[in-house]
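Here's the structure, in structure tokens; my notes come after.
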Amino acid sequence: MLLPSCVQQDKKVSIPLNNLKLSSEQEELLEQITETIIPATDTAGAKELGTYHFVLTMVDDCSEKEQQENFMKGLDEVNELSKEKYNNAFIKCTPQQQLELLTRIDKKEFDGKVNEFLKMTKGLTIRGYTKSKYVMSNLLVYEIAPARFYGSFPVKDKTRFEQNG
Amino acid sequence: MGNNDLKGRTFDAIVIGAGMSGGWAAKEFCEKGLKTLVLERGRDVKHIKDYPTTNKMPWEFEHRNQIPSKIKEENPIASKCYNFREDAMHFFVKDAEHPYVQEKPFDWIRGYQVGGKSILWARQTQRWSDYDFEGPARDGFAVDWPIRYKDIAPWYSYVEKFAGISGNKDGLPQLPDGEFLPALELTAVEKYFQSVVKKNYKDRHVIYARCAHLTQPQQIHLDQGRGKCLHRDLCQRGCPYGGYYNTNSTTIPWAAKTGNLSLRPFSVVHSIIYDDKKGQATGVRVIDANTKEVIDYFAPVIFLNAGAFNTNLVLLNSTSSRFPNGLGNDNGLLGKYVAFHNYRGRISAECEDFKDLTIDGRRPTSAYIPRFRNVFKQETDFLRGYAAGFSSGRGMFQKTDDGIIGKELKENLLHPEHGSWYAGSHIMGETIPKESNYVGLDASKKDDWGIPQLKISIDYDDNDEKMLKDFFEQMTEMYTRAGFKNIKTTDSKQAPGLDIHEMGGARMGNDPKTSLLNKWNQLHACKNVFVADGACMTSTSTQNPSLTYMALTARAADYAFTELTKGNLV
């Protein structure tokens, strides 16, 4: 059966979640937050790498119920703060405003669950990004079998950053 | 195979357990031409084929190797083990499937499969010396070991040559040299610490830890189909090159190649069958793990290598009118005098020197500090001593402080900076076997196969606490003399068990009144049953024990074959 495209109201492809329930707006918000944390430059950013899927999977599977609740509350608080400061939903703000707001949240300038939310989201975005296929294949290249160990290696000759498997 | 096929159920030898030591019994018997049945309670794990995660890249693990909360909650015991992660959790027993009774807290880490825990081990292979074997007699605990270093030395060599051990000839009487493949490098800071310790202490040494890695494969290893260790440091997944020693890549396929091996996975051993009239064990009663069918297998010689505590369980559950309290248990000591290694203490620090140097590549092992306390004479207010793992490296870090977001964060992530050298060490303390530390059968609780659950009652004592305190004091002093900064000691307070070095319960000794096994690992009271896994250990010393289990098993198998041939086992 072919469905007319207007039936697919959610343009986001949601990943299956066991505990968290997100609207497509919330997903879009989270996606933009991860992109603000690690933006596209001359290399791919979090949005292109789908890093927010990893953030959601980890919060859904690897954190406690209370953390999940705080995560959801804090996510909404980002929007509340952006409306308060810029009169706009977060995703409607300019990239400069988005960066400014998240930087201020990261510096713990506000109260609320938004602090725990950003701590989790920043950490997981970093992890999802640095442990993505893209970064581990192109930028911080992972060697599965280095076949060597040097215990006194000159710093000046060091070109590789070794990530753990 | 049903119970009506007696011939098909009769073998020349039966080995219970296809793990670290059972693999050796299988290899020795099969090579000597005995039709050998190996019983394994878990599934088969074929080398390479059954290592599902071995070549996975980090991003292929959904949770980047972290254990989801639900699995953690379902496995409060197994998830305490450092190797219980997304890439290797399939090699661990799940808590709910194999319950046991903790009279006192004991984290029993198990791997029920062909290969057992040899897939997951830390691959450390230090020999014992006479300072270890003579310990109980000199210091007046447990009973005297019925063997000395000279009895086991040729078997250490035998096992080391086949397994492939990387090490240096260090010439230390307390840690005898073996048959070594080349060592890997120590780091700049490890070498520096080595020189500081040498200069300040007469009897203390920092050496490269001997480990079961093929740094330069010999013909015997190539014949096994194994290749050089490529420093993946992902050993817990199983190595596609056979770069480290595990049962799956070595002894089991070697035994199978002879055509004499019958490997039966999913075989839960209920008991060893004892024939009161013949006055000997005649076979093994097995419950098929899947069908629950009860099947008896027969052989004139039986090797029990089920893993220390499960070996105790099988013996305790093997009752007959001759042995109402468990096979060979005339003195009532079966299950008692169990011991372990104290792994509670850690010390960490930073070294601010050697800024122009770092490490490159990966190394699947570390440095090692052999026991230096009470080695040549008693010198402290506690008995025995500890060895210590020692390892140093230089990490790189990415600046992600609060307020760093966006392009700056991304730049920092892509351009890591060199951190300080770290220096970490952990205790491996000898514990004293005592009658009050024991395992037994629970009177009412049974497992899914109707076998009584093991109850475990083991605790630390005052000697362990004093030893831990001494480790912290001595290591702090050594670190201070090296000029290390930011020295931190940590007592994990972990329960016994997490060391995964539980030992004893069917100890060796000269006197049948005070021990279960003789100097050949043969039950004093039932000559055709041998125990050469961790259950046989009279004392624990400080070395990682697998190498000693392997050497004892090969030695016992050789003796059992000779005795069998002479007709002395009937």
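What follows draws every value from the coordinates through simple rules; no lab data is involved. As the structure is a computational prediction, the values presented were derived from the model and not from experiment. Ideal geometry is used to build each Cβ from the backbone, glycine not excepted, and the neighbour counts take in all protein chains shown.
Here are some notes:
- Debye log10 I(q)/I(0) for the range B:44-93, one point scatterer per Cα, at q = 0.29 Å⁻¹: -1.14
- Cα-based reach from residue B:485 at 23 Å (exclusive), listing lysines while leaving out same-chain residues under 8 positions away: B:191, B:198, B:199, B:355, B:399, B:469
- Neighbourhood charge, 12 Å Cβ-Cβ cut-off, centred on residue B:132 and excluding it, Lys, Arg +1 and Asp, Glu -1: +1
- Once the Cα gyration tensor of chain B is diagonalised, semi-axes √(5λ) in Å: 40, 27, 23
- Cleavage-rule hits, chymotrypsin sites (Phe, Trp or Tyr not before Pro), the range B:50-87, DSSP coil, Cβ neighbours within 10 Å at most 15: B:82
- Shielding of peptide A:154-162 by partners, expressed as the average count of other chain Cβ atoms within 10 Å per residue Cβ, is 5.
- Neighbour net charge for residue B:217 - beta-carbon separation under 11 angstrom, K R +1, D E -1: +1
- Residue of A:57, A:125, A:34 that the Gaussian network model of chain A assigns the largest fluctuation, springs spanning Cα pairs under 10 Å: A:57
- Spin-label pair residue B:325/residue B:60, simplified geometry with 7 Å Cα→Cβ offset, distance in nm: 5.4 nm
- Multiplying the residue separation of residue B:476 and residue B:73 by 0.36 nm and subtracting their alpha-carbon distance yields 141.4 nm.
- Cα-Cα pairs of the range B:207-350 separated by more than 22 Å (percent): 61 percent
- In the protein assembly as shown, helical runs assigned H by DSSP with n ≥ 4 each contribute -39500 (n - 2.57); averaged across all residues and rounded to the nearest 500, the mean residue ellipticity at 222 nm is -8500 deg cm²/dmol.
- Near-label residues of the range B:66-96 by backbone N, under 20 Å of a point 7 Å along Cα→Cβ of residue B:445: B:72-81, B:93-96
- Net charge in the neighbourhood of residue B:146 (other residues with Cβ under 10 Å of its Cβ; Lys, Arg +1, Asp, Glu -1) is 0.
- Base-10 log of normalised Debye intensity for the range B:111-168 (one unit scatterer per alpha-carbon) at q = 0.22 Å⁻¹: -0.95
- Against chain B, whose longest principal axis is taken from its Cα atoms, helix B:546-566 shows a tilt of about 20°.
- Charge dipole (Cα centre; +1 on Lys/Arg Cβ, -1 on Asp/Glu Cβ; no other charges) of chain B amounts to roughly 920 debye.
- Projected label points at residue B:408 and residue A:92, each 7 Å from Cα along the beta carbon direction, are separated by 2.9 nanometres.
- Loop sites in the range B:367-476: chymotrypsin sites (Phe, Trp or Tyr not before Pro), DSSP, at most 11 other Cβ within 10 Å: B:376
- On a per residue basis, the convex hull of the C-alpha atoms belonging to the protein assembly as shown measures out at 187 Å³.
- Among beta bridges that DSSP assigns inside chain B, antiparallel share in %, nearest 5: 75 percent
- Top of A:146, A:16, A:39 by mean-square fluctuation, Gaussian network on chain A, Cα under 10 Å: A:146
- Gap separating the Cα centres of the range B:126-187 and the range A:90-165, nearest whole Å: 46 Å
- Assigned charges on the beta-carbon of Lys, Arg, Asp, Glu; the range A:19-144 dipole about Cα centre (debye): 220 debye
- Acute angle (nearest 10 degrees) that the helix B:22-31 long axis makes with the longest principal axis of chain B, alpha-carbon atoms: 60 degrees
- Cα-based shape type of the range A:19-144, given that a ≥ b ≥ c are square roots of the gyration tensor eigenvalues and the cut on a/c is 1.5: oblate
- Signed unit charges on C-beta, dipole axis of chain B, positive-most listed residue B:429, B:557, B:368: B:557
- Shielding by partners, peptide B:57-63 (average Cβ within 10 angstrom, other chains): 6
- In loop segments of the range B:267-297 as defined by DSSP, the trypsin sites (Lys or Arg not before Pro) with at most 13 further C-beta atoms inside 10 Å of their C-beta are B:277, B:278, B:292.
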